[in-house]
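**Student:** There's a structure below that I have some questions on.
The values are calculated or read from the model by the stated rules, or taken from the named source; none is laboratory data. Worth saying up front: this structure is predicted, and the values here are computed from it rather than measured. Note: ideal-geometry Cβ built from the backbone for every residue, glycine included; neighbour counts use all protein chains shown.
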Amino acid sequence: MSDTHEHVPSRQRKRFPGISSRAYEHPADRSALVALRKLSGFDTVFKALSALLPERSLRLLFLSDSVRVSDAQFAHLHSMLRDACYILDLEKIPAMYVAQDPRPNAMCIGLDEPIIVVTTGLVELLDEEEMRAVVGHEVGHALSGHAVYRTILLFLTNLALKVAWIPLGNVAIMAIVTALREWFRKSELSADRAGLLVGQDLQASMRGLMKIAGGNHLHEMNVDAFLEQAEEYEAGGDLRDSVLKILNMLPRSHPFTTVRAAELKKWAESRDYQRVMDGHYPRRSEDKDTSVSDSFRESASHYADSVRTSKDPLMKLVGDIAGGAGDLGGKLRDKFTGASGGGKASAGGDGGGQGEG
């Protein structure tokens with residue numbers, strides 16, 4: 001695979017020389033990764049797997065049983081890959097493979113060097129501009145250094161029962177898998193932003209997410225209605241539904257597609273996105289001088305804003321308690337039983353009848 005940016009596609013898009021991944025990383029991504037690294041036993045597992053994971057075997061597997069993207073094979077994907085690396089100024093172009101799988105998916109894995117894999121299901125589902133956003137998404141993972149943690153998550157998820165040599169119990173391993181999944185869901189929000197910076201076409205990003213959710217039936221779908229689903233998902237139901245949302249999310253590696261679309265649209269309309277597009281963004285050359293405490297403060301501010309503005313019943317309850325609005329036990333009892341604390345009717349009284357449960 002060539003390490004240089006040759007034959008850059010002609011469509012004019014802005015380029016971001018020296019851009020740091022901090023420019024597009026979602027605050028929840030950063031804070032979840034910090035929490036993951038602080039998890040008891042994570043350092044032990046990380047060091048053991050980094051030394052013992054068969055990365056050479058992984059590369060040989062894709063080389064032997066997938067199609068490597070190049071000028072001679074899947075040339076249009078190769079062009080998109082070069083273009084994405086050019087726009088995000090990723091110096092070394094990762095190897096990219098197309099794997100036979102009807103399920104639409106893509107991933108960026110690897111320990112020493114990232115490898116991008118896309119499935120045939122995804123290639124057949126998306127049009128050129130939608131695919132460009134996906135390739136940019138995966139290049140964003142590579143630039144952020146997500147591939148290492150993703151590889152460890154895959155290994156622990158698929159082989160958790162065969163890692164008895166790790167000096168930790170199964171409970172500890174499952175705790176690490178759960179924490180890795182939580183981080184990876186947040187990292188997807190960051191990579192979606194990178195995909196938008198590469199494609200620079202919000203509608204294409206939205207279409208791609210809709211297709212991943214509902215298949216190749218765009219004539220039957222509507223972006224505004226799709227985003228309304230995210231609004232209904234966040235606000236709908238009562239406290240019991242909030243708990244079910246958490247339980248539904250735990251086994252997943254990706255956030256729900258409607259939520260991803262809503263988060264991306266929110267960022268695309270923000271001042272932060274416009275500043276990046278105007279050329280005002282953090283550079284990689286400044287990464288070493290970045291204050292960890294500043295990152296903590298930014299993440300804490302993001303979560304405070306999320307709790308304050310969230311329409312989710314559980315987040316509203318957290319906000320009320322943080323604001324000194326009453327005792328936790330009483331509020332939980334009232335929310336779960338549908339009891340009214342005063343003259344008002346319970347907001348969640350009818351919520352149990354909505355949604356799929």
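**Student:** With buried (at least 24 other Cβ atoms within 10 Å of the Cβ), in a helix (DSSP H, G or I) and aliphatic (A, V, I, L, M) as the only criterion, which of V139, V118, V123 stands out?
**Tutor:** Working: V118 fails: in a helix (DSSP H, G or I); V123 fails: buried (at least 24 other Cβ atoms within 10 Å of the Cβ).
Sole residue among the options that is buried (at least 24 other Cβ atoms within 10 Å of the Cβ), in a helix (DSSP H, G or I) and aliphatic (A, V, I, L, M): V139.
**Student:** Evaluate segment 150-172: report whether one residue or more is buried (at least 22 other Cβ atoms within 10 Å of the Cβ), modelled with pLDDT under 85 and closer than 17 Å to S31 by Cα.
**Tutor:** Checked segment 150-172: no residue is buried (at least 22 other Cβ atoms within 10 Å of the Cβ), modelled with pLDDT under 85 and closer than 17 Å to S31 by Cα.
**Student:** Give me the pairs, please: first residue somewhere in segment 221-239 and modelled with pLDDT of 85 or more, second residue anywhere and not in a loop (DSSP other than H, G, I, E, B), beta-carbon distance under 6 Å, and either six or more positions apart or on two chains.
**Tutor:** M221/M210; M221/G214
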